[in-house]
There are 2 protein chains.
Amino acid sequence: MATASAIRGTFFDLVDDPWKHVGREQEAARFTFDGLMVVRDGVIADFGDYAEVSRRNPGIQATHIKGRVIVPGFIDGHIHFPQVRVLGAYGNQLLDWLQNWIFPEEEKYGDRNYARGAAGRFFDALLAAGTTTCQAFTTSNPVSTEEFFGEAARRNMRVIAGLTGIDRFAPEGTVISPDFFYRETKRLIGEYHRKGRNLYAITPRFAVGCTDEMMEACRRLKEEHPDCWINTHISENPTELRTSRLEFPDCHDYTAVHEKHGLLGPKFTAGHGVWLSDDEFRRFSRAGAAISFCPLSNLFLGSGLFRIGRATDPEHPVRLSLGSDVGGGNAFSLIRVLEEAYKVGLCNNTMLDGSVNPREQDMAEAERNKLNPYRGYYLATLGGARSLYLDDVLGNFDVGKEADFVALDWNAGQAAMGWHQSLITGGNVPETMDQAAQLLFGIMVCGDDRNVDETWVAGRRAYKKAGA
Amino acid sequence: MATASAIRGTFFDLVDDPWKHVGREQEAARFTFDGLMVVRDGVIADFGDYAEVSRRNPGIQATHIKGRVIVPGFIDGHIHFPQVRVLGAYGNQLLDWLQNWIFPEEEKYGDRNYARGAAGRFFDALLAAGTTTCQAFTTSNPVSTEEFFGEAARRNMRVIAGLTGIDRFAPEGTVISPDFFYRETKRLIGEYHRKGRNLYAITPRFAVGCTDEMMEACRRLKEEHPDCWINTHISENPTELRTSRLEFPDCHDYTAVHEKHGLLGPKFTAGHGVWLSDDEFRRFSRAGAAISFCPLSNLFLGSGLFRIGRATDPEHPVRLSLGSDVGGGNAFSLIRVLEEAYKVGLCNNTMLDGSVNPREQDMAEAERNKLNPYRGYYLATLGGARSLYLDDVLGNFDVGKEADFVALDWNAGQAAMGWHQSLITGGNVPETMDQAAQLLFGIMVCGDDRNVDETWVAGRRAYKKAGA
């Protein structure tokens, strides 16, 4: 039996979807002012008030994390491993940005040394941002997928990834044949899926870059490996959307392309979904399929404003994660992603309040766009886990889940931060759920990676901020 | 005669409006790889290549700033001194945000001790962000205006500010009478305008909060003190815009309210202008009036997307500055403002490329929305100076201007930053204008206040980043 370790501190996590508790979002959260988490083999063996948990676990030695709020590790539902270095490239929308910046960089990842060095930098950046799980695109060269999983395993991190399938509209060094994709995916699934914490996603890059043959290869792979995930992009940019109409004349919309090939369903995630219609949202909801909302990227590439309030329609709720979409997104930090998600929500709120166009007024949808801290941290943790069908092992501090968490310093960051936060608790630690939520809101809208003081993976500290 | 000092380093500044050089933006910039700036009495006495300038100034001792790009100090055209502490308040659009968060905080600034302490924090935050000049709102209590100017004078910073006029739609502790506003403004102009580097702005908060009598008081003040600035808000939010229609039935649009009272003209700045019509942009252009573009705030309060490409129409160009609009904006850093400005531009670009609505296609306007580094740093420096009619003393390194500048570290910030920037120069210093511009672009879209390593005011170092 493994030795248990324990962490004492102030914990905040979500236990339900706050959109199910409109106006009473606290019901979806749990605040543990003086808490204790017992970890055994990387899994939460006990959790609750310090007084009770310490009584149940006599003699246990706890690491006491003081002056911080501990939240579950952030889950990034959509990120590109081979784009670390090209985050923030200049001046193009999606399709020409891919050609000018992304494909040339991704080709370098055929070199194992380059890919290995990049993997170290990628996971360092994730941990410094408080992200403990990601669903990642690699490249169409298996070397990059292998190096990605290798580095994740060395760090014992829960990740989802897979070889990228693309067989048109890309340079020669990037396209691969559906047959190669099929064979290599099978080999990689055998080698990596469910090995340690690694999980495999069948990964058609995006339908516009895939022929029917490539999409059929994905269908076959999912049929033969139903336990695997599927990860792709959808409806990111209006020009892309128009292209999809031309390329798939037999499909009445972009989602139908995925339905036609049997891909839309549980454990399917499509990044973006900015331009999805109401009907497509409903079909995602019915299918149990997920969207990864990538506001940093959607603003950076000018893709548009994702309709949060529509996706959270209580009659047709769509499973949502947050994605940094590095390098379309210009930062690794899900705190920065939350900031931009908040802004997209407020912009939508204004468009729906009737002040711009009275015919588009929808006050309930307008309200659902507003990311209070409960909704925000839900998306970054438990909501992301649910969207990825990983809530049995991730997303909050329930006993039996994996002990990935982040200790947040609410005063770190820009010069004005400490004084701002002192409005909430007068400089003291938060003693109520409401105070904790307000400090967490301060972090999500005024903060960044500097607020991540420590990141723990499977019960071990994997990152500590320098100088703090 | 004062002793001269000198700074040696790599300098980048703008000498013209890059929108006048579409596709050849380098013509608007100046890159000095090994430069020397000689400062006498806070003013640039000589500037150029080190070899030449050092020959012209024999025996001068220079501070050598290595591994940095030195740019002119940032100019924030729109910021609220009494909102330091409430930056990032939750969940409302403009009008209810003012009532719930802003007015209660601003009332505290009637207490001289509170206002003085806040002024210290405010200028500390500005300098840490690389901002050396701002045009600021204070409150409707003269105490806050006095403390603002007092602290600016102690730091020898070039600032514009004034007592805020508001006489309706605000709590009792915030509204003041037009008569009180008139008398106190005259007193404050006498006491502070052109004393040291302080400049005074007649400051009607926003027309919706001002009766005709208040606006007439502003007209009289401007007639009696034509050297003073005017600072206000316009067309920030659609509900505000609709309210203005109701409150000013004799004015056919929001701009007309300012025309009616004789305020629109040189040295007039209105923050936001998100919802200005094409015709209003043309009238701003003709009048020589300026808009301060506040993208952090416009996204944070969901106000909307400012039409950069329309405001930079070559036939009717409007003078533009950038504004953080703290606390509507959620950061002091103009680097973060540039990031959001870039994003707003790209979102506009997509809306105008014909892919969404072919009837709204305008490829030239679409292109003008794209903030390359020349355009971005122009807005933050020389463009801001021109919009405020301060380009005789600020905005670039021309001899005779005031020596306010910032030394930027292109590698600082999020974990991925250094490797990202190494794509441009392989880890070396920039040797060409293009390399410098690309590193500066990396800062503006992936960076934040951490990239500000040193801030110099009137030839003296006023800020040095801790631990760097």
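The values are calculated or read from the model by the stated rules, or taken from the named source; none is laboratory data. All values derive from a computational prediction rather than experimental measurement. Cβ coordinates were reconstructed from backbone atoms using ideal geometry, including for glycine residues, and neighbour counts include every protein chain displayed. Ligands, DNA and RNA are excluded from the accessible area calculation, which covers all protein heavy atoms including side chains. Shrake-Rupley method; radii C 1.70, N 1.55, O 1.52, S 1.80 Å.
Regarding residue B:44, is this residue among the aliphatic types (A, V, I, L, M) and either modelled with pLDDT of 95 or more or under 30 Å from residue B:370 (Cβ atoms) (or both)?
Taking the combined requirement at face value, the residue satisfies it.
For residue B:297, state whether it is of a type in the set (Ser, Thr, Tyr) and within 12 Å of chain A (Cβ to nearest Cβ).
yes
Quick one: which of A:365, A:360 is more than 13 Å from chain B (Cβ to nearest Cβ) and more than 17 Å from the chain's Cα centre (by Cα)?
Testing whether each residue is more than 13 Å from chain B (Cβ to nearest Cβ) and more than 17 Å from the chain's Cα centre (by Cα) leaves just A:365.
Look through B:88, B:23 and report the one residue that is open to solvent by 30 Å² or more (accessible area, probe 1.4 Å) and assigned to a loop (DSSP other than H, G, I, E, B).
None of the other options fit; the residue is B:23.
Out of the helices (runs of 4 or more DSSP H) lying entirely within the stretch B:261-341, which hold 2 or more residues that are within 18 Å of the chain's Cα centre (by Cα)?
Answer list for the stretch B:261-341: B:295-300, B:308-311.
Rundown of residues vs (1) touching a strand residue (DSSP E or B) at 6+ places or on another chain (Cβ under 8 Å); (2) closer than 30 Å to residue B:349 by Cβ; (3) more than 14 Å from chain B (Cβ to nearest Cβ), yes/no style:
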{"position": "A:97", "(1), (2), (3)": "no, yes, no"}
{"position": "A:111", "(1), (2), (3)": "no, no, yes"}
{"position": "A:119", "(1), (2), (3)": "no, no, no"}
{"position": "A:131", "(1), (2), (3)": "yes, yes, no"}
{"position": "A:137", "(1), (2), (3)": "yes, yes, yes"}
{"position": "A:144", "(1), (2), (3)": "no, no, yes"}
{"position": "A:153", "(1), (2), (3)": "yes, no, yes"}
{"position": "A:156", "(1), (2), (3)": "yes, no, yes"}
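If you check residue B:140 against the conditions, is it assigned by TED's automatic domain parsing to the domain that holds residue B:211, of a type in the set (S, T, N, Q), crowded, with 20+ Cβ neighbours inside 10 Å and farther than 18 Å from residue B:221 by Cα?
In short, no.
How about the stretch A:97-135: which of its residues are without any contact (Cβ under 8 Å) to a residue 60 or more places away in the chain, open to solvent by less than 10 Å² (accessible area, probe 1.4 Å) and not in a helix (DSSP H, G or I)?
A:134 - this is the single residue of the stretch A:97-135 that is without any contact (Cβ under 8 Å) to a residue 60 or more places away in the chain, open to solvent by less than 10 Å² (accessible area, probe 1.4 Å) and not in a helix (DSSP H, G or I).
Filter the stretch A:166-220 down to the residues that are within 23 Å of the chain's Cα centre (by Cα) and open to solvent by 30 Å² or more (accessible area, probe 1.4 Å) and list them by number.
The answer is A:192, A:194, A:195, A:196.
Residues of the stretch B:218-247 being within 22 Å of residue B:163 (Cα to Cα), outside any strand (DSSP E or B) and among the hydrophobic types (A, V, I, L, M, F, W, C), which ones?
B:218, B:221, B:228
Taking the stated definitions as given, is residue B:251 open to solvent by less than 10 Å² (accessible area, probe 1.4 Å) and not β-branched (Val, Ile, Thr)?
The answer is no for residue B:251.
Restricting attention to the stretch A:43-91, which residues are in contact with a strand residue (DSSP E or B) (Cβ under 7 Å, 6 or more places away or on another chain) and within 14 Å of chain B (Cβ to nearest Cβ)?
Hits for the stretch A:43-91 are A:76, A:79, A:80, A:81, A:83, A:84, A:87.
Considering only the stretch B:305-317, state which residues are within 13 Å of chain A (Cβ to nearest Cβ) and open to solvent by less than 10 Å² (accessible area, probe 1.4 Å).
B:306, B:308, B:309
Being open to solvent by less than 10 Å² (accessible area, probe 1.4 Å), over 22 Å from residue B:92 (Cα atoms) and modelled with pLDDT under 95: is that true of residue A:323 here?
Criteria not met by residue A:323.
Residue under question is residue B:422, and the condition is that it be within 9 Å of chain A (Cβ to nearest Cβ) and among the hydroxyl-bearing types (Ser, Thr, Tyr); does it hold?
yes
Could you count how many residues in the stretch B:385-400 are open to solvent by 30 Å² or more (accessible area, probe 1.4 Å) and over 20 Å from residue B:41 (Cβ atoms)?
2
Could we say that residue B:376 is of a type outside the set (Val, Ile, Thr), within 14 Å of chain A (Cβ to nearest Cβ), open to solvent by less than 10 Å² (accessible area, probe 1.4 Å) and assigned to a helix (DSSP H, G or I) here?
yes
May I ask you to say which residue of A:355, A:333 is of a type in the set (Ser, Thr, Tyr) and surrounded by fewer than 20 Cβ atoms within 10 Å (Cβ to Cβ)?
Going through A:355, A:333 in turn, just one is of a type in the set (Ser, Thr, Tyr) and surrounded by fewer than 20 Cβ atoms within 10 Å (Cβ to Cβ): A:355.
Restricting to the stretch B:427-450, give me the number of residues that are open to solvent by 20 Å² or more (accessible area, probe 1.4 Å) and more than 12 Å from chain A (Cβ to nearest Cβ).
Selection size over the stretch B:427-450: 7.
Can you spot a residue in the stretch A:153-160 that is surrounded by fewer than 23 Cβ atoms within 10 Å (Cβ to Cβ) and part of a loop (DSSP other than H, G, I, E, B)?
Checking the stretch A:153-160: at least one residue is surrounded by fewer than 23 Cβ atoms within 10 Å (Cβ to Cβ) and part of a loop (DSSP other than H, G, I, E, B).
Quickly run through the stretch A:326-357 and pick out the residues that are in contact with a strand residue (DSSP E or B) (Cβ under 7 Å, 6 or more places away or on another chain), facing chain B (nearest Cβ under 10 Å) and at pLDDT 95 or above.
Listed by number, the residues that qualify are A:326, A:332.
Going by what's in this entry, would residue A:10 be described as of a type in the set (S, T, N, Q), open to solvent by less than 40 Å² (accessible area, probe 1.4 Å) and either at negative phi or modelled with pLDDT of 95 or more (or both)?
So residue A:10 fits the description; yes.
Take the conditions modelled with pLDDT of 95 or more and of a type outside the set (Phe, Trp, Tyr) and apply them to residue B:73. Does it pass?
Yes; evaluated as a whole, the condition is true for this residue.
Any idea which of (1) open to solvent by less than 10 Å² (accessible area, probe 1.4 Å); (2) assigned to a loop (DSSP other than H, G, I, E, B); (3) facing another protein chain (nearest Cβ under 8 Å) is the one residue A:371 doesn't satisfy?
Single failed check for residue A:371: (3).
Quickly run through the stretch B:457-467 and pick out the residues that are away from chain A (no Cβ under 11 Å) and open to solvent by 20 Å² or more (accessible area, probe 1.4 Å).
Once the filter is applied, which keeps residues that are away from chain A (no Cβ under 11 Å) and open to solvent by 20 Å² or more (accessible area, probe 1.4 Å), the stretch B:457-467 yields B:460, B:461, B:462, B:464.
Conditions (1) modelled with pLDDT of 95 or more; (2) aromatic (Phe, Trp, Tyr); (3) closer than 24 Å to residue B:77 by Cα, marked per residue:
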| site | (1), (2), (3) |
| --- | --- |
| B:242 | no, no, no |
| B:245 | no, no, no |
| B:254 | yes, yes, yes |
| B:259 | yes, no, yes |
| B:262 | yes, no, yes |
| B:266 | yes, no, yes |
| B:273 | yes, no, yes |
| B:278 | yes, no, yes |
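Here is a yes/no grid of residues against (1) within 14 Å of chain A (Cβ to nearest Cβ); (2) open to solvent by 30 Å² or more (accessible area, probe 1.4 Å); (3) of a type in the set (A, V, I, L, M, F, W, C):
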position: B:235; (1), (2), (3): yes, no, no
position: B:244; (1), (2), (3): yes, no, no
position: B:261; (1), (2), (3): no, no, no
position: B:275; (1), (2), (3): yes, yes, yes
position: B:289; (1), (2), (3): no, no, yes
position: B:292; (1), (2), (3): no, no, no
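Please work out if residue B:271 is within 20 Å of residue B:201 (Cα to Cα) and touching a Cys at 6+ places or on another chain (Cβ under 8 Å).
yes
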